[in-house]
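Everything below concerns the one structure shown next.
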Amino acid sequence: MLGLKLYLIRHGETDWNLENRIQGDSDIPLNQTGILQAREVKDKLKDIAFDLCYTSPLERAYKTAQIIIEGKCPIISVPELIERDFGKIEGNPITSEQSKKYWNYQLNSSDDEVEPVRHLLDRTRNFLIKLLQEHRNQTILIVTHGSTLRALHYNITGYQTTEDFMKFQVQNCQIFQYEI
């Protein structure tokens, strides 16, 4: 392997996912379906030898990582992988109006104390740079959140500032693989 092999996974399902509510950095636990989803991912990745696992410090991501890794490598919780802070709109139902306002790179809105999308892209880009410097020729598992995973994806594949940030769909416990 010449670079870094990454496996990116969104945490398992929570009740707020079921209710279509914005969780942001609220610490919502996995529900029973989320636990089962994490176990399914563990089975799918059982033959992968991970050197390390990075995860968000939020319980839903950390617990998903613990289930998948099952003690096979160290798990490191880092703040760069936390979900986007949705400020005053956390806990509310997700609406298309919010998507247009808070996911528009050009607007870069921080109204209602929402973390600007450019900040999300910057913090995930800085994390990836650190990974490349410290983990060359390794296989790394990252367990994080939908918004954070999208930002990581766009930092790896490229992002046109006029495109719809939400076009890249991320399901609970979906696996994405990259070599960088």
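Taking the range 146-180, which residues are farther than 25 Å from S109 by Cα, open to solvent by less than 30 Å² (accessible area, probe 1.4 Å) and either in a strand (DSSP E or B) or of a type in the set (V, I, T) (or both)?
Listed by number, the residues that qualify are F176, Y178.
What is the residue count in the range 92-118 for residues that are part of a helix (DSSP H, G or I) and buried (at least 19 other Cβ atoms within 10 Å of the Cβ)?
Of the residues in that region, 2 qualify.
For the range 87-109: of the residues being out of contact with any helix residue (DSSP H, G or I) (no Cβ under 8 Å at 6 or more places or on another chain) and of a type in the set (S, T, Y), which is modelled with the lowest pLDDT?
The selected residue is S96.
Can you tell me which condition V143 does not meet? The list is (1) buried (at least 20 other Cβ atoms within 10 Å of the Cβ); (2) in a helix (DSSP H, G or I), and all the others hold.
(2)
Does the range 119-140 hold any residues that are among the acidic types (D, E) and open to solvent by 70 Å² or more (accessible area, probe 1.4 Å), and which are they?
Within the range 119-140, just E134 meets the criteria.
The values are calculated or read from the model by the stated rules, or taken from the named source; none is laboratory data. Predicted model, so just to flag it, every value in this text is computed and none were measured. Using ideal geometry, Cβ is built from the backbone for each residue, glycine included, and neighbour counts are taken over all protein chains shown. Just so you know, the surface numbers come from the protein's heavy atoms only, side chains and all, with ligands and any DNA or RNA stripped out. Shrake-Rupley method; radii C 1.70, N 1.55, O 1.52, S 1.80 Å.
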